[in-house]
Amino acid sequence: MDPRFDKIHDEPWNKIFQVVFFPDRIYHAEYLNATRCDRYRYVVDEVRAKLDLTVLKGQVFMDDRPFTNFLRIEYRSGRLVEAARQKSPPRLAGMGMYAWVKLMPEGQAEAEATVRLDICRWTDSYEVEIWQELDPPAGAFHDFSVLDMMGRDQPITRVAAFSPLLADLKSIKLIELAFREDHRDPVTGRVRPDDTIAWDNNFASSHEDPDKQPSTVPDKNYLINFQRGWYLDAADFKPVRYQNAMMEPDNPDFQANQPNVTEMRWMLQRVFGSTLVFFHEVTVPPGSVEGTHQHIGSEELYYVVSGSGVAYLGLDDDPSLKNFPVVQRHIFGIGMKDCREVAVSPGKVIFTKSGGIHGIRNTGTSEPLKFVAFLYHTA
């Protein structure tokens, strides 16, 4: 990030904003591979994170002179560990693993490669740095403490197909990644059959595409997006319409002859970082209902922007609702449970943590009930 931020970082009037400026600005640039020797310095331009995955790109300086551009991949392997434990025999991740990496630059051909990641105790992650160049400038030499980290399957490596793309870091806006355990068993040394190797390719993740039928599209890989900003108009997004959303036929609200339809405009999905999954706009027509459901491993926030109706929350989810009416609701996949019923109108917020229950109904006769929703994984 712009080094001029250094000048304002410690000013008293700026303390309140450190939560905004701190992470991307100096994200552990002092703890990258070559910094074991003070002849090397990193400038981190961009950082993106998604669940267990962090990707950095920037420049390496050698003897205070610009040397090469780099891409660093860090992976904390929680999902891959779970995938490996489900294999037979169940196992933990070893000391190394592999990442499939696909660079998708603007205006250039895509390139992909598989690189090895090894444990980094400084960052408590598996990591690799892909440098545009490894050879030092004419007349210069690498320090021996960094030179022994360089090469194929080493913590600092070079991928020939990536080098032309790394020359223009700004053009690299999209990167796809997937991770797999080492093909060689770390205990026995035997090569594992391909169909027994555990992968983390953003397991079970999907997004909604209104131009496809069915609209749910598997993601298959992690997508890292380096675009810096979006200006959006909800009207530009085609809605996806769901009949009897979050309901089963044994739900009393299930309407076979008069389809209960909700409409969703999926505005931001795979571009999100961290644990965020989507941001969308939901329209519930008069008399329609979004089925009451329970969140497991995810959290969601509703903000009502127009219309009115009622929302349902789990009986004891919000202790402040003890004086609100108790109603029986059919919970998607679970059956009947007691819930609290609350009125909703513009400005009302429903926030549901993992394990919580929520649903919403338009009780009006003419005006749609509209709200926006954020969903994210618990971590």
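Odds and ends about this structure:
- The range 17-57, residues that are at positive phi and modelled with pLDDT of 95 or more: none
- Looking across the range 300-323, the residues that are part of a loop (DSSP other than H, G, I, E, B) and exposed (fewer than 14 other Cβ atoms within 10 Å of the Cβ) come down to Asp316, Lys322, Asn323.
- Set Gly273, Gly297, Gly307: member being at positive phi and either at pLDDT below 95 or not assigned by TED's automatic domain parsing to the domain that holds Thr365 (or both): Gly297
- Failed item in (1) within 25 Å of the chain's Cα centre (by Cα); (2) modelled with pLDDT under 95; (3) assigned by TED's automatic domain parsing to the domain that holds Leu117, with Tyr75 passing the rest: (2)
- Just one of the listed residues (Gly347, Gly333, Gly364, Gly355) is closer than 20 Å to Pro239 by Cβ and outside any strand (DSSP E or B), and it is Gly364.
- Residue in the range 116-139 that is surrounded by fewer than 18 Cβ atoms within 10 Å (Cβ to Cβ), of a type in the set (A, V, I, L, M) and either under 24 Å from the mean Cα position of the chain (by Cα) or at positive phi (or both) present: yes
- Qualifying position, being exposed (fewer than 14 other Cβ atoms within 10 Å of the Cβ) and touching a Phe, Trp or Tyr at 6+ places or on another chain (Cβ under 7 Å), among Val349, Val372, Val326: Val349
- Strands (runs of 3 or more DSSP E) contained in the range 85-154 and holding at least 1 residues without any contact (Cβ under 8 Å) to a residue 40 or more places away in the chain: 111-120
- Scoring Asp168 on the criteria (1) acidic (Asp, Glu); (2) surrounded by fewer than 18 Cβ atoms within 10 Å (Cβ to Cβ); (3) under 18 Å from Cys120 (Cβ atoms); (4) within 26 Å of the chain's Cα centre (by Cα) leaves a single failure, condition (3).
- Every listed requirement among (1) in a loop (DSSP other than H, G, I, E, B); (2) over 30 Å from Val47 (Cβ atoms) is met by Trp230 save one, (2).
The values are calculated or read from the model by the stated rules, or taken from the named source; none is laboratory data. Everything numeric here is computed off the predicted structure, so don't read it as measured data. Cβ sites come from the backbone with ideal geometry, for glycine too, and all protein chains shown count toward neighbours.
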